[in-house]
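Please treat every number below as a calculation from the coordinates, not as lab data. If you're wondering where the values come from, they're calculated on a predicted model, not measured in any experiment. When we count neighbours, we look across all protein chains shown, and the Cβ atoms used for this are built from the backbone with ideal geometry, even at glycine.
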Amino acid sequence: MIVGVRTLAPFRVPVTAILIFKAKSACAKSVFQGIIDRKMDQIQLGDQIIRYDREQTRKAYSAMVGGDAERCGCSYCLNFAAQRTTAYPENFRLLLDQLGIDPEKEGEVYECGPDDPLGVYGGWFYFVGELIEAGERITDATSGFQYFFTDAKRLPSPKVDFGKNVLAIEFFTKLPWVISEQP
Ligand SMILES: [Zn+2]
C-alpha cells in the first residue's frame, strides 16, 4: 500500500498519461502495514494498468550483457544503437527508470521499413511485472513515439532470467540514418 517515495520522485513533475496508484485498500493501512507491503507497485499508462517490481528488474538488467542492437550487429540495428540517447522521449526514459529498466539494453529492436526520409523502428524492453488491465495501445501524439505494455509470453524469451512474471514495454518510432555504413 505504500508506494515508495523514492520511485515516485521522478514523477513529481507532471507526466501525462502516467498515474501512480496506491495498491490495495488504504483503509487497512494501520492494521496491515508491514505485512502486505512489499508487493509490486502499480501504475496506469493510458487505459493499461500493470504492477511492477523495480528491484527484481534492476537485478535482471545487471546480469544482462548489452542490448539487442549490438547482439544482432546489422546496419539497421547499429543505426538504432547510435541514436539510443536521443531516440527515447524524456517521459519514456523516466518510465524506464521507474520500472528499473536499463535504456541501453533493449530486449529486441527491429527496423520495419522506410517512411521517407526516416526509418520506422520497433522494439521492446522486458521487466518484472503483471498485466492487470490490458487496455489499448497508447500513442504519444506530441512526438510520434508510441509505447504500451504487453505480456511477454507472446514474445521470445529474454536472454536473462526475469522470473515467471515478465512483461514488456513495446515502442515504435521513426529515426534518421546517421551512420556512414549504408543499409
Ligand atoms: Zn539487426
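List every residue pair whose Cβ atoms sit under 6 Å apart, with the two residues 6 or more apart in sequence or on different chains, where the first one lies in region 152-163 and is touching a residue at least 12 places away in the same chain (Cβ under 8 Å) and within 20 Å of SER62 (Cα to Cα) and the second, anywhere, is surrounded by fewer than 16 Cβ atoms within 10 Å (Cβ to Cβ) and of a type outside the set (Phe, Trp, Tyr).
So the pair list comes out as VAL160/ALA63.
Do the conditions hold for GLY135, that is, is it of a type in the set (Gly, Ala, Ser), more than 16 Å from the ligand (Cβ to nearest atom) and outside any loop (DSSP other than H, G, I, E, B)?
Taking the combined requirement at face value, the residue does not satisfy it.
Kindly provide the set of residues from region 46-96 that are among the basic types (Lys, Arg) and closer than 30 Å to PRO183 by Cα, ordered by number.
ARG71, ARG84, ARG93
Could you count how many residues in region 103-162 are among the hydrophobic types (A, V, I, L, M, F, W, C), out of contact with any helix residue (DSSP H, G or I) (no Cβ under 6 Å at 6 or more places or on another chain) and over 18 Å from SER75 (Cβ atoms)?
So the count comes out to 12.
What pairs can you find where one residue is in region 72-86 and touching a residue at least 12 places away in the same chain (Cβ under 8 Å), the other is surrounded by 13 or more Cβ atoms within 10 Å (Cβ to Cβ) and assigned to a helix (DSSP H, G or I), and their Cβ atoms are less than 6 Å apart, with a gap of 6+ or different chains?
Partner pairs satisfying both residue conditions: CYS77/ALA69; PHE80/ALA69; ALA81/ALA69.
Any residue in region 104-123 that is in a strand (DSSP E or B) sitting within a Cβ distance under 6 Å of a residue that is of a type in the set (Val, Ile, Thr) and within 16 Å of the ligand (Cβ to nearest atom)? List the pairs, counting only those 6 or more apart or interchain.
What qualifies is CYS112/VAL120; GLY113/VAL120; TYR121/THR173; GLY123/VAL109.
Considering only region 43-77, state which residues are within 16 Å of the ligand (Cβ to nearest atom), part of a helix (DSSP H, G or I) and not charged (D, E, K, R).
The answer is ALA69, CYS72, SER75, TYR76, CYS77.
For PHE125, state whether it is buried (at least 20 other Cβ atoms within 10 Å of the Cβ), within 16 Å of the ligand (Cβ to nearest atom) and among the hydrophobic types (A, V, I, L, M, F, W, C).
no
Residues of region 105-122 being among the hydrophobic types (A, V, I, L, M, F, W, C) and either touching a His at 6+ places or on another chain (Cβ under 6 Å) or buried (at least 22 other Cβ atoms within 10 Å of the Cβ) (or both), which ones?
VAL109
Restricting the search to region 78-119, which residues are more than 16 Å from the ligand (Cβ to nearest atom) and among the basic types (Lys, Arg)?
Once the filter is applied, which keeps residues that are more than 16 Å from the ligand (Cβ to nearest atom) and among the basic types (Lys, Arg), region 78-119 yields only ARG93.
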